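Below you'll find the structure, written out as structure tokens, and then a few comments.
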Amino acid sequence: MKIILTGIQPSGALHLGNYFGAMQPAIELQSHGQAVYFIADYHALTSVTKADDLRSYTFDVAAGLLACGLDPSRTILFRQSDVPQVHELAWLLSIVTPMGLLERAHSYKDKIAQGAETNHGLFAYPVLMAADILLYNSDLVPVGRDQKQHLEIARDIAQKFNDRFGPVFKLPEPVIREATAIVPGIDGRKMSKSYGNTISLFGNEKEIKKAVMGIKTDSTPIDQPKQIEGSVLGQLMQAVDPEKYENFKVYGSAPGIGYGDLKKDLLAAIQKRFQPFQEKYRHYQTHPGEVEGVLHDGANRARALAAPILEKARRATGLSSS
Ligand code: TYM
């Protein structure tokens, strides 16, 4: 049976980029093997500095995944830090990881360019991510395009470990959906918590409206046809309501239709699509024990899955006596 694994950092509110880039594909893949999905709280510590924030974001990501259709009777959902064995594997992997591989990591270079302080956690981030993936013998990893290089690094590290110690790890394959591989944010850059350009999945109506109405558009006058295809509005509508998108393109390019009208249409499509999830999300917010129960059970199942794989790696390196 194939292992399908992915992780989401609890570093802020979930947004449409997370949903279309990773959550939706991951939830759809649940029935294609054993899905193992986790909340990457160790990773989030590289950006979240307040303990209370980390705790509430962690809960929100778990509640969000459940609200969007993660089925806990089938899928293992857990907090990364509930399986601290991942750090032992990260160490075993770090001794076969060339410095140059990490120095070339785009996400590290981007963070530095944004003025983040350099620290070892940020630099070693891809090694921990490789350990997340390899600890469960993952076959498929659904992610957005921004994680592609991290997947390549994980494969490189697995290969180097196998070359030195024998065939311990499978090489994981990324699953990247081209149409939503990079969901744009309201300013046209990749939607990202760190750019402050997100449309949140579970924000209140006012917040979502403000973000949608703030989508950057060009200065085509109202009486001129507008280019919808490839625009931020067009790309978001295509992701949110692919059927409606076909009409949207025609309607949007008609002279006399303003960007304000198109934004209202997109807002309505977002509300329609996500309202059922928002209701479930509110349920979990008022029943936190249910979420905790799922995470507790998920941690036990994740530890059981990880134990023999870690043991195999320990034995291969000579850490175990047999
Ligand atoms: P994170 O928390 O930044 O994002 C979670 C997932 O959402 C995807 N995503 C996007 N996809 C398309 N367009 C966007 N604008 C967009 N923004 C975010 C991300 O690609 C990701 O799939 N390092 C990971 C977390 C992680 C992980 C792992 C993932 C830790 N260990 C092991 C997979 C396997 C991260 O920072 O994702």
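Here is how the numbers come out for the structure above:
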{"read-out": "Any hit, the stretch 75-83, residues being touching a Pro at 6+ places or on another chain (Cβ under 8 Å) and part of a helix (DSSP H, G or I)", "value": "no"}
{"read-out": "Residue within the stretch 57-67 that is in a helix (DSSP H, G or I), within 9 Å of the ligand (Cβ to nearest atom) and in contact with a strand residue (DSSP E or B) (Cβ under 9 Å, 6 or more places away or on another chain) present", "value": "yes"}
{"read-out": "Hey, Ser11 polar (S, T, N, Q), under 12 Å from the mean Cα position of the chain (by Cα) and either in the same structural domain as Phe123 (by TED's automatic domain parsing) or under 21 Å from Asp297 (Cα atoms) (or both) or not", "value": "yes"}
{"read-out": "Residue check, Asn197 among the polar types (S, T, N, Q), under 28 Å from Ile3 (Cβ atoms) and modelled with pLDDT of 95 or more", "value": "no"}
{"read-out": "Cβ pairs under 7 Å, 6+ apart, first in the stretch 2-18 and in contact (Cβ under 8 Å) with a residue 12 or more places away in the chain, second among the β-branched types (Val, Ile, Thr) and within 8 Å of the ligand (Cβ to nearest atom)", "value": "Leu5/Ile133; Leu5/Val141; Thr6/Val141; Thr6/Val143; Leu16/Val183; Gly17/Val183; Asn18/Ile8"}
{"read-out": "Residue in the stretch 155-167 that is more than 13 Å from the ligand (Cβ to nearest atom) and part of a loop (DSSP other than H, G, I, E, B) present", "value": "yes"}
{"read-out": "Selection within the stretch 133-154 - away from the ligand (no atom under 12 Å from the Cβ) and either in contact (Cβ under 8 Å) with a residue 40 or more places away in the chain or under 28 Å from Ala299 (Cβ atoms) (or both)", "value": "Asn137, Asp139"}
{"read-out": "Scan of the stretch 1-35 for residues that are among the hydrophobic types (A, V, I, L, M, F, W, C) and outside any helix (DSSP H, G or I), ordered by number", "value": "Met1, Ile3, Ile4, Leu5, Ile8, Ala13, Leu14, Ala35"}
{"read-out": "One residue from Thr198, Thr217 being polar (S, T, N, Q) and more than 13 Å from the ligand (Cβ to nearest atom)", "value": "Thr217"}
{"read-out": "In the stretch 255-279, the residues that are aromatic (Phe, Trp, Tyr) and either farther than 18 Å from Thr217 by Cα or under 25 Å from the mean Cα position of the chain (by Cα) (or both)", "value": "Phe274, Phe277"}
{"read-out": "Conditions (1) more than 12 Å from the ligand (Cβ to nearest atom); (2) in contact with a Ser or Thr (Cβ under 8 Å, 6 or more places away or on another chain): number failed by Ser192", "value": "(1)"}
{"read-out": "Residues located in the stretch 269-315, provided they are of a type in the set (Gly, Ala, Ser), surrounded by 13 or more Cβ atoms within 10 Å (Cβ to Cβ) and either more than 20 Å from Leu93 (Cα to Cα) or not assigned by TED's automatic domain parsing to the domain that holds Asp60 (or both)", "value": "Ala269, Gly298, Ala299"}
{"read-out": "Tally of residues being buried (at least 23 other Cβ atoms within 10 Å of the Cβ), over 17 Å from Val294 (Cα atoms) and more than 9 Å from the ligand (Cβ to nearest atom) across the stretch 1-50", "value": "1"}
{"read-out": "Failed item, numbered, when Pro225 is tested on (1) over 26 Å from the mean Cα position of the chain (by Cα); (2) free of Cβ contacts under 8 Å to residues at least 24 places away in the same chain", "value": "(2)"}
{"read-out": "When residues of the stretch 177-188 are limited to those that are buried (at least 20 other Cβ atoms within 10 Å of the Cβ), at pLDDT 95 or above and within 16 Å of the chain's Cα centre (by Cα), the one nearest to Ile199 (Cα to Cα)", "value": "Gly185"}
{"read-out": "Residue match in the stretch 243-263 (condition: surrounded by 12 or more Cβ atoms within 10 Å (Cβ to Cβ), out of contact with any helix residue (DSSP H, G or I) (no Cβ under 7 Å at 6 or more places or on another chain) and in a loop (DSSP other than H, G, I, E, B))", "value": "yes"}
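The values are calculated or read from the model by the stated rules, or taken from the named source; none is laboratory data. Since the model is a prediction, treat every value here as computed from it, not as a measurement. Reconstructed Cβ throughout: ideal geometry from the backbone, glycine too, with neighbour counts over all protein chains shown.
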